[in-house]
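Colleague: The structure under discussion is supplied below as structure tokens; questions concerning it will follow.
The values are calculated or read from the model by the stated rules, or taken from the named source; none is laboratory data. Fair warning: this is a prediction, and the values are worked out from it, not measured in the lab. These accessible areas exclude ligands, DNA and RNA; they are computed on the full protein's heavy atoms, side chains included. Shrake-Rupley method; radii C 1.70, N 1.55, O 1.52, S 1.80 Å.
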Amino acid sequence: TTKQLSDQKVEWRFIPKRAPWYGGFWERLVGMTKEALSKILGRTKPTLSAFRALVADAETVLNDRPLENPSSVVSDGESLSPAHLMYGRRLNTLHSNEEINDEKLDSTYGER
């Protein structure tokens, strides 16, 4: 409690809300993550492995968000994201395989 914390000489340092020079940027990321998880989970209680998967998915979405305004010119390429800075690429991108075409997909998955 408060007495125990003061005996241990714990010093509280509060971060002003929305102040990037005091860690407001990180606080906003935490808030975005909590909001996304609460919308996904609602009142359900997932297993530990399911929760880890949800947090990993949330991390992927947050790290793929653009850091700059996306260009309307296709030749400009992808917008810079935190994932580019960490891994050199987006995390949630479907890679195109030029060997696969519509005919091959139809024969593989059966035309319906």
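Colleague: Restricting attention to the stretch 8-19, does a residue exist that is part of a helix (DSSP H, G or I) and open to solvent by 70 Å² or more (accessible area, probe 1.4 Å)?
Modeller: no
Colleague: Could you list all residues from the stretch 64-85 that are among the aliphatic types (A, V, I, L, M), in a loop (DSSP other than H, G, I, E, B) and at pLDDT below 75?
Modeller: 73
Colleague: For residue 44, state whether it is polar (S, T, N, Q), modelled with pLDDT of 80 or more and within 19 Å of the chain's Cα centre (by Cα).
Modeller: It is false that residue 44 is polar (S, T, N, Q), modelled with pLDDT of 80 or more and within 19 Å of the chain's Cα centre (by Cα).
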